[in-house]
Amino acid sequence: MNHAATRTPNHAALALFGGPPAIASPLPPVVTMGEDDVAAASEVIRSGVLSGYIGAPGEAFMGGARVRAFEAQAAEYFGVRHAIAVNSWTSGLVAAVGAIGIEPGDEIITTPWTMAATATAILHWCGIPVFADIDRDTFNIDPASVERQIGPRTKAVIAVDIFGQSADMAALREICRRHGLKLLGDCAQAPGAKVFDRMAGTLADIGGYSLNYHKHIHCGEGGVLVTDDARYAKRLALIRNHAEAVVQSESPADLANMLGFNFRMGEIEAAIASVQLAKLAPRVAARQRAAAQLDAGLAGLPGLKTPRVAVGNTHAYYIYGLQVDVSALGLPRARLVEALKAEGVPGLVGSYQNLHLLPMFRHKVAYGTGGFPWASPYCERTIHYGPGQCPVAEQLHAQTFLGLALGQFAHGPEPIGQVIAAFRKVWAQLDRLRPEPGAVSMPAVAEIPSLAPAPTQGMQGTQGTHGGRRLTAGATA
């Protein structure tokens, strides 16, 4: 059949078969930096004071004036008593795990759908990551699966607000209360999202947000921790800045995990972060409008499920998470992604990696080659990693999840309208994507398709080259 020559009413041939793409020109990138950001950074440079930290006792131990001003601003904005700025959210996660007093061999339960740093932050303190499955509708960690994973050495749970929506914090808090566990919140992708009247991240013992360059707001690289606990705030600040040089206590409880790092945010980053924080609410609102337009525009497309927002939650839409019913459509996800990409749809995320299937975890090789900490005397039970451990997460990754990274392109009404038109064009011609009876099926593209980052605004999604940058599966911190 000559697909390029075939037409249906009001539908040109699919671009995959030589027709004109629904999105004729690449959509413009999201503009994240303004003249106010430039002015803030320039003021710091002109001052000559690019960092105010000293890794020794004294006022400068807490950083420069702009770092402290940003921390005060963030504490007020997120409605907490304490905010601690760090040079990345990966650093923030390491500090948070250390601050709660983890011992070698302690277990922390988390989700396989997150940036690897969520799990490696546990390993940094010689703890043992344990993975619970995820909820099929929200993609967040499943509280029932969490409870099944609790053992005698379980210390904490790290809830990840994946794609921009809070995990079920009420259920997780209750589980942690019953079992005497700490609850940490990795809200790298959900700044500005809410759980009823509370900011996502503030319902945990320690929470926090990423300021990495492809998040809702950013300063290039950075992060901010939030807590209402004064002792945790002190320990976070100590771990951030060479704790061992300033802690004078003789108590083992006070000295525990006071192996400090250089997790210090610079003054330029803090000045930019302060300007950016004021832009968070309108940026989240813009993504929510885009999501509402997508919800309406994609409604009724067979075999396509739009995101579910849990009762009481708002969603910040780092990724607009869809699901495709490949059985009902009679097509693999990869074929749909191939067609959508040909129509010019940017920001497609065609799968999401499962951390428990990464070689490091399957082979239990992290520190050296001997299996530490899993093979050490500190680990009191065998923790398994591999296929079948998180069946919901694995099925979504392998077959049905399809995301749209809204940060990869300008997402006003006109660009979103073009994306909707591209989806509708592909769905109107699904029969042309299916192999003809008796024909040899066309090979599908790799199951992990391209993500389409903008030249200056990207994220770790699935591998691709659109925009001149190659990226890999996962969400960065």
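Worth pointing out:
- The listed residue being buried (at least 22 other Cβ atoms within 10 Å of the Cβ), within 17 Å of PHE261 (Cα to Cα) and either touching a residue at least 60 places away in the same chain (Cβ under 8 Å) or among the β-branched types (Val, Ile, Thr) (or both), out of GLY52, GLY63: GLY63
- Residue in the range 11-34 that is more than 29 Å from the chain's Cα centre (by Cα), modelled with pLDDT under 95 and assigned to a loop (DSSP other than H, G, I, E, B) present: yes
Condition check ((1) more than 16 Å from GLY201 (Cβ to Cβ); (2) charged (D, E, K, R); (3) without any contact (Cβ under 8 Å) to a residue 12 or more places away in the chain) across all residues:
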position	(1), (2), (3)
VAL86	no, no, no
VAL97	no, no, no
GLU103	yes, yes, no
ALA116	yes, no, no
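- Subset of the range 273-289 [over 18 Å from PHE409 (Cα atoms) and open to solvent by less than 20 Å² (accessible area, probe 1.4 Å)]: ALA273, GLN276, LEU277
- Selection within the range 213-222 - open to solvent by less than 10 Å² (accessible area, probe 1.4 Å) and either within 15 Å of ALA167 (Cβ to Cβ) or within 13 Å of the chain's Cα centre (by Cα) (or both): HIS214, LYS215, HIS216
- Candidate set from the range 81-132 (those that are of a type in the set (Phe, Trp, Tyr) and not in a loop (DSSP other than H, G, I, E, B)); member that is surrounded by the most Cβ atoms within 10 Å (Cβ to Cβ): TRP89
- Restricting attention to the range 347-375, the residues that are of a type in the set (S, T, N, Q) and at pLDDT below 95 add up to 2.
- Taken over the range 374-422, the criterion of being open to solvent by less than 10 Å² (accessible area, probe 1.4 Å), out of contact with any Asp or Glu (no Cβ under 8 Å at 6 or more places or on another chain) and either under 23 Å from THR138 (Cβ atoms) or β-branched (Val, Ile, Thr) (or both) is satisfied by LEU396, PHE401, LEU402, GLY403, LEU404, ALA405, LEU406, GLY407, GLN408, ILE416, VAL419.
- Residue check for LEU172: aliphatic (A, V, I, L, M), open to solvent by less than 10 Å² (accessible area, probe 1.4 Å) and in contact with a His (Cβ under 9 Å, 6 or more places away or on another chain): no
The rows are residues; the columns are (1) farther than 29 Å from LYS215 by Cβ; (2) more than 25 Å from the chain's Cα centre (by Cα); (3) not basic (Lys, Arg).
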site	(1), (2), (3)
LEU331	yes, yes, yes
LYS341	no, no, no
SER351	no, no, yes
THR369	yes, yes, yes
GLU380	yes, yes, yes
GLU394	no, no, yes
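- From the list PRO359, PRO307, the lone residue that is open to solvent by 10 Å² or more (accessible area, probe 1.4 Å) and under 27 Å from GLU414 (Cα atoms) is PRO307.
- Helices (runs of 4 or more DSSP H) wholly inside the range 185-279 that include at least 3 residues being out of contact with any Gly (no Cβ under 8 Å at 6 or more places or on another chain), at pLDDT 95 or above and of a type outside the set (Gly, Ala, Ser): 230-240, 267-277
- Evaluating ALA190 against the criteria (1) farther than 17 Å from MET265 by Cα; (2) surrounded by fewer than 24 Cβ atoms within 10 Å (Cβ to Cβ) leaves one unmet condition, (2).
- Among the residues making up the range 193-210, those that are aliphatic (A, V, I, L, M) and open to solvent by 10 Å² or more (accessible area, probe 1.4 Å) are VAL195, MET199, LEU203, ALA204.
- The lone criterion from (1) within 17 Å of the chain's Cα centre (by Cα); (2) farther than 21 Å from VAL349 by Cβ left unmet by HIS315 is number (2).
- Among the residues making up the range 310-351, those that are of a type in the set (Ser, Thr, Tyr) and touching a Gly at 6+ places or on another chain (Cβ under 7 Å) are TYR317, TYR318, TYR320.
- Test: residue in the range 224-240 that is within 30 Å of ALA41 (Cα to Cα), open to solvent by less than 20 Å² (accessible area, probe 1.4 Å) and in contact with an Asp or Glu (Cβ under 8 Å, 6 or more places away or on another chain): yes
This table checks each residue for (1) in contact with a His (Cβ under 7 Å, 6 or more places away or on another chain); (2) on the phi < 0 side of the Ramachandran plot; (3) touching a residue at least 60 places away in the same chain (Cβ under 8 Å).
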| position | (1), (2), (3) |
| --- | --- |
| MET258 | no, yes, no |
| ILE272 | no, yes, yes |
| ALA290 | yes, yes, yes |
| ALA296 | no, yes, no |
| ALA316 | yes, yes, yes |
| VAL324 | no, yes, yes |
| LEU329 | no, yes, yes |
| ARG333 | no, yes, yes |
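- Selected residue [touching a strand residue (DSSP E or B) at 6+ places or on another chain (Cβ under 7 Å), part of a loop (DSSP other than H, G, I, E, B) and of a type outside the set (A, V, I, L, M)] from PRO307, PRO302, PRO346: PRO307
Matching residues to (1) over 23 Å from GLN418 (Cα atoms); (2) of a type in the set (A, V, I, L, M):
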{"site": "THR306", "(1), (2)": "no, no"}
{"site": "VAL309", "(1), (2)": "yes, yes"}
{"site": "TYR318", "(1), (2)": "no, no"}
{"site": "VAL324", "(1), (2)": "no, yes"}
{"site": "ALA334", "(1), (2)": "no, yes"}
{"site": "VAL337", "(1), (2)": "no, yes"}
{"site": "LYS341", "(1), (2)": "no, no"}
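- Restricting the range 362-373 to residues that are touching a residue at least 60 places away in the same chain (Cβ under 8 Å) and outside any strand (DSSP E or B), the residue that is surrounded by the fewest Cβ atoms within 10 Å (Cβ to Cβ) is ALA366.
The values are calculated or read from the model by the stated rules, or taken from the named source; none is laboratory data. Model, not experiment: these values are computed from the prediction. For neighbour counting, all protein chains shown are included, and Cβ atoms are generated from backbone atoms with ideal geometry for every residue, glycine included. For accessibility, only protein heavy atoms count, side chains too; no ligands or nucleic acids. Shrake-Rupley method; radii C 1.70, N 1.55, O 1.52, S 1.80 Å.
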